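This report concerns only the one structure given below.
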Amino acid sequence: MATTQMTEQNFEEVVASSDIVLIDFWAAWCGPCRSFAPTYEKVADKYPDIVFAKVDTEAEQGLATSFNIMSIPTLMIIRDNVVLFSQAGALPERALDELVEKVRDLDMQEVHRQVLEQQNANS
């Protein structure tokens, strides 16, 4: 499956319609972003049931700002409307595959329980 271009306009729809969404925050002028792109595309092809989205931080500054993206590339993973991972830097193919599998294997009921506990503790 090819990657999906994510914008402020389609963000909600993409996240709501998919269990797992990987987001690559990138820019055309960023060398490491361009180097990571083929790896991201290759791994996306292995997981057709997962959305692999790309956010051009130059075109979508509002979206990048809303997630406090300070350096690129930054990879973010959202599952069931919970941000599970956010890290700057490009990953090698094997590490990205392992990360996808770990996210797939998570017990999301437990994750949601922990999020609720944390929200209750902070209020």
For the range 17-41, what are the residues that are in a helix (DSSP H, G or I), closer than 20 Å to Phe85 by Cα and of a type outside the set (A, V, I, L, M, F, W, C)? Pro32, Thr39, Tyr40, Glu41
Residues of the range 3-16 being over 14 Å from Thr57 (Cβ atoms) and either assigned to a loop (DSSP other than H, G, I, E, B) or in contact with a strand residue (DSSP E or B) (Cβ under 7 Å, 6 or more places away or on another chain) (or both), which ones? Thr3, Thr4, Gln9, Asn10, Val14, Val15
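Of all residues in the range 70-90 being of a type in the set (Val, Ile, Thr) and modelled with pLDDT of 95 or more, which is farthest from Glu101 (Cα to Cα)?
Ile72
Could you list all residues from the range 60-87 that are farther than 16 Å from Leu106 by Cβ, exposed (fewer than 14 other Cβ atoms within 10 Å of the Cβ) and touching a residue at least 12 places away in the same chain (Cβ under 8 Å)? Outline the logic, then answer.
Let us first name the residues in the range 60-87 that are farther than 16 Å from Leu106 by Cβ, namely 60-75, 87.
So of that shortlist, the ones also exposed (fewer than 14 other Cβ atoms within 10 Å of the Cβ) come out as 61-62, 65-66, 68, 70-71, 87.
Once the filter is applied, which keeps residues that are farther than 16 Å from Leu106 by Cβ, exposed (fewer than 14 other Cβ atoms within 10 Å of the Cβ) and touching a residue at least 12 places away in the same chain (Cβ under 8 Å), the range 60-87 yields Gly62, Met70, Ser71, Gln87.
Could you check the range 103-123 and list, in sequence order, the residues that are in a helix (DSSP H, G or I), among the charged types (D, E, K, R) and farther than 19 Å from Lys42 by Cβ?
If we filter the range 103-123 for residues that are in a helix (DSSP H, G or I), which is where we start, we get 103-105, 108-122.
If we keep only those that are among the charged types (D, E, K, R) as well, we get 104-105, 110, 113, 117.
Within the range 103-123, Asp105, Glu110, Arg113, Glu117 qualify.
Quickly run through the range 50-102 and pick out the residues that are part of a helix (DSSP H, G or I) and under 22 Å from Ala16 (Cβ atoms).
So the first thing to find is which residues in the range 50-102 are part of a helix (DSSP H, G or I), and the list is 61-66, 93-102.
Result: Gly62, Leu63, Ala64, Thr65, Ser66, Val100.
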Are any residues in the range 1-41 buried (at least 20 other Cβ atoms within 10 Å of the Cβ) and among the acidic types (Asp, Glu), and if so, which ones? Asp24
Within the range 48-57, considering residues that are farther than 22 Å from His112 by Cα and either in contact with a Phe, Trp or Tyr (Cβ under 6 Å, 6 or more places away or on another chain) or modelled with pLDDT of 95 or more (or both), the one surrounded by the most Cβ atoms within 10 Å (Cβ to Cβ): Val55
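The values are calculated or read from the model by the stated rules, or taken from the named source; none is laboratory data. Note that the coordinates shown come from a computational prediction; the quantities given were computed from them, not determined experimentally. For neighbour counting, all protein chains shown are included, and Cβ atoms are generated from backbone atoms with ideal geometry for every residue, glycine included.
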